[in-house]
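This report concerns only the one structure given below.
The values are calculated or read from the model by the stated rules, or taken from the named source; none is laboratory data. Just so we're clear, the structure is a prediction, and the values are computed from it rather than from any experiment. Counting neighbours? That spans all protein chains shown, and the Cβs are built from the backbone with ideal geometry, glycine included. Accessible surface areas use protein heavy atoms only, side chains included; no ligands, DNA or RNA. Shrake-Rupley method; radii C 1.70, N 1.55, O 1.52, S 1.80 Å.
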Amino acid sequence: MSAFIIRRLLQMIPTLFGVMLLVFTLFTLVGGDPSLVLAGKHFSAEVLAHIRAQLGLDKSLPEQFLLFVHQVLTLDFGTSWSTQQPVSDIIGSRIGPSLTLTGTMLVVDLLVAIPLAALVAYFRGGLTDHIVTISCTVAMSISALIYIIAGQFFLGFKLGWFPVRGWGDSFWVNLFVYVPLPLLLGLMVSLGPDIRFYRSFFVEELGQDYVRTARAKGLSERQIMLKHVLRNALIPVVTSVMMSLPYMLLGALVLESFFGIPGMGNEVVQAVNKSDFPVIKAITIYIAIATMVFNLLGDLVYKWIDPRVQLK
């Protein structure tokens, strides 16, 4: 196990280098001259030269790339061009709100989607299966913007059950006051595809020979579902969840923008609108690192779920 972890960690080095090279190429060679963005419409040659010197753009491309590598290794991406705050401070203050929303959404989604998927798979072809499948299909066909606008108008503005926008300093106030409405609307968008996705795994497992063998041995349906089917069906579910975990750091871009949540999603939108390259580069690198780490954790979870899995 330790040899596998060390080997995977070493494999991350060339992958991260490739990501850094791609990001540097996109922002340096394709993204244009950022000093022109910072200088504004009216600038002198002296001002432009000063900005280029501050950004290190007066150096050669290899020197600029080495500077970027140093930023990645130290996780110090300088200051934001729009707010003049350290990028690390901005990201640190935005991760909490995003995880409060997306983390809660992920937990509730799994607690609802997996049991429902197992239920409709067990009664596949029956009335319950048809009702849930049709409901999921209808829910998937409606745009997320419709859910958000209608939810804010009726549940927030008309009925006054939830605040339409806002965010506080207390975790518990945010969790029980400001998160419920975007959480509810986010679940209305995600539950449909997740239930149908997970249902296919349970249906596939229920058709395996080991299920028929377990029934022939006299095991109850409860034992078969919990000890055998659920355990095997969780392996592809873990894949789906682990692949989505890195993007939890980005938050829910649309939800955060509409509800005024000061999370990473809102910050990304603002950074793109203001061409704040340091923030965008930092978030890109963080997501790349998180993706590699969660892929490794996913493999370790496979091994824990099924000890027969051979890690390579």
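Counting pairs of alpha carbon atoms under 8 Å apart in space and at least six apart in sequence, what relative contact order in percent does region 77-181 give?
Once divided by the residue count of region 77-181, the mean separation gives 16 percent.
Could you give the length gained on full extension between F154 and S2, defined as 0.36 nm per residue of separation minus the Cα-Cα distance, in nm?
49.3 nm
How would R8, R165, R231 line up by accessible area, probe 1.4 Å, largest first?
The most accessible residue leads, giving R165, R231, R8.
Determine how large the accessible area of T137 is when every protein chain is in place; take a 1.4 Å probe and give Å² rounded to the nearest 10.
Number for this one is 70 Å².
Could you sort the peptides 156-164, 112-120 by per-residue average Cβ neighbour count (10 Å cutoff), highest mean leading?
112-120, 156-164
What's the Cα-based Rg to Rh of region 190-232, Rh via Kirkwood?
In region 190-232, Rg relative to Rh is 1.06.
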